[in-house]
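Here the structure comes first, spelled out in structure tokens, and everything after it is commentary.
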Amino acid sequence: MTTAMGAALRRIQLGNALSAFGNGFTVPYLYVYVAKVRDLGASTAGVVLAMLAVSALVVLPLTGRAIDRRGPLPVAVVGTVSAAVGALGLGLSVSEAQVIASAVALGAGIAVIQPALATMIVWCSTTVTRSRAFATQFFLNNLGLGIGGLVGGLLVDETNASSFVRLFAIEAAMFLVLGAAVATVRLPRAPKVEDAVPTGERPQGAWRALLSDRRMVWLCVLGFVLFFACYGQFESGLAAYATEVTRIAPATLGIALAANTAAIVVAQFVVLKLVERRRRSRVMAVVGLIWTVAWIAAGLSGLVHGAQVVATTLLISTYALFGIGESLLSPTVSPLVADLAPASLIGQYNSAFALVKQLALAVGPAVGALMVGHGMSVAYVGMLVLCALGITALSLRLGRMLTPAQDNPHRVAAAPARPAADPAAEAETAVAVA
């Protein structure tokens, strides 16, 4: 069983890494492609980017139900086909309607893939091995995106639309590779989810059951603050702050993003050894403290005018510190979602948490860009320092709600079992005492 689980997990991880590699080809260039290469304007490019998020928000509430009723494998395959059609459609589109429709297909497909893959990883891991499985997925995702972005940068040519068609075609092919990889996986029945393989009707009131789970609701609140304070600021608020307040060149911003990826790639497995045997709530609380320092560094970078080297170093440090925090979260948050879920609702819990993430990624950029764009940079940094401190407070509060097995499964698994009592020996002891 362990060998079968390992083989299935490796296939899932490989397909996921390749799809991230393909996604990296196009993510940095989507705005430029729509606005300039296809000459559809900045407004259409903004609508395309918005449609990626909106389509995800539409399909995610339905995805968990589909996963729990049909299983994650067919849902993942449907998602990869939708994403592949959307990616190839973007490459071939020449009108506003075509690029928007393609963006909807791509966004919906990616949104469906994420909770389906998360559920497959849960089925192919145990409570003890789950942290390492999700950390590996996060590592390969970032490595694939980073390498894809670098290779895509070598192939892209803003004066030649066919170079972008090539990039989107590669992305579509990689999504199909992921679909083929997961379609051939034989899902084992892992101990945690041995009752989760759908064999009959799913219990009614799944959303009601989830919302009545106080620990999951608290984790969703924590997750929203986590994603709002980090991922939701990368491409909008923090980027705007870096260029308009810290006044770094756009090329330097690329170096800062590379520092974030490098910190994740270098730190992930070093960090994993340090945290996988510690309480998850405490690890998340530490992330809040690290990101507090990161936002303070970002704030200081906008105050040291005249010392551009110092300002640039502070800002790059901000991105690197975010990467370290992300590497701490990958083996803690997703496994905790799985361990909180009842066996029949694992897909629902994963989809709900993905929906929370998507909401934060929709709200975060809007708030960040609005505040920095209106000259509220001090209030912007202050708000995010408070959010980071809030992560620590929310994590510690969540820790008091969790059982020992949910907060630290490694320690519980390693605890020696108490030997069964010997009735005869107890009787002899009682006689001797008497």
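Quick notes on this structure:
- Checked across region 353-360, the condition of being touching a Leu at 6+ places or on another chain (Cβ under 6 Å) and among the hydrophobic types (A, V, I, L, M, F, W, C) holds for at least one residue.
- Any chance T159 is without any contact (Cβ under 8 Å) to a residue 60 or more places away in the chain, surrounded by fewer than 24 Cβ atoms within 10 Å (Cβ to Cβ), among the hydroxyl-bearing types (S, T, Y) and outside any helix (DSSP H, G or I): yes
- In region 115-131, the residues that are within 15 Å of the chain's Cα centre (by Cα) and surrounded by fewer than 21 Cβ atoms within 10 Å (Cβ to Cβ): none
- Of all residues in region 347-373, those being of a type in the set (A, V, I, L, M, F, W, C), closer than 20 Å to G107 by Cα and in contact with a helix residue (DSSP H, G or I) (Cβ under 7 Å, 6 or more places away or on another chain) number 10.
- Those residues of region 304-341 which are free of Cβ contacts under 8 Å to residues at least 60 places away in the same chain, of a type in the set (V, I, T) and in a loop (DSSP other than H, G, I, E, B), in sequence order: V304
- Region 361-381 - residue that is without any contact (Cβ under 8 Å) to a residue 12 or more places away in the chain and not in a loop (DSSP other than H, G, I, E, B) and, of those, nearest to A56 (Cα to Cα): L370
- Qualifying residue in region 63-86 (condition: under 30 Å from A259 (Cβ atoms) and either touching a helix residue (DSSP H, G or I) at 6+ places or on another chain (Cβ under 8 Å) or hydroxyl-bearing (S, T, Y) (or both)): yes
- When S301, S344 are checked against the criterion of being open to solvent by less than 40 Å² (accessible area, probe 1.4 Å), touching a helix residue (DSSP H, G or I) at 6+ places or on another chain (Cβ under 8 Å), touching a residue at least 24 places away in the same chain (Cβ under 8 Å) and not hydrophobic (A, V, I, L, M, F, W, C), S301 stands alone in meeting it.
- Against the conditions (1) in contact (Cβ under 8 Å) with a residue 12 or more places away in the chain; (2) within 20 Å of A111 (Cβ to Cβ), R38 satisfies every one except (2).
- Subset tally (residues that are assigned to a loop (DSSP other than H, G, I, E, B) and open to solvent by 10 Å² or more (accessible area, probe 1.4 Å)) for region 226-247: 4
- Residues in region 32-52 that are open to solvent by 20 Å² or more (accessible area, probe 1.4 Å) and under 22 Å from the mean Cα position of the chain (by Cα): 4 in all.
- Condition met for T26 (under 22 Å from the mean Cα position of the chain (by Cα) and modelled with pLDDT of 90 or more): no
- Between G71, G86, G64, the distinction of being over 30 Å from V265 (Cβ atoms) and more than 17 Å from the chain's Cα centre (by Cα) belongs to G71 only.
- Close pairs (6 angstrom Cβ cut-off, 6 or more residues apart or separate chains): assigned to a helix (DSSP H, G or I) in region 254-278, of a type in the set (F, W, Y) and crowded, with 16+ Cβ neighbours inside 10 Å anywhere: A256/Y319; A259/Y319; N260/Y319; N260/F322; Q268/F139
The values are calculated or read from the model by the stated rules, or taken from the named source; none is laboratory data. None of these values were measured; they are calculated from a predicted model. For neighbour counting, all protein chains shown are included, and Cβ atoms are generated from backbone atoms with ideal geometry for every residue, glycine included. All accessible areas refer to the heavy atoms of the entire protein, side chains included, with ligands and DNA or RNA removed. Shrake-Rupley method; radii C 1.70, N 1.55, O 1.52, S 1.80 Å.
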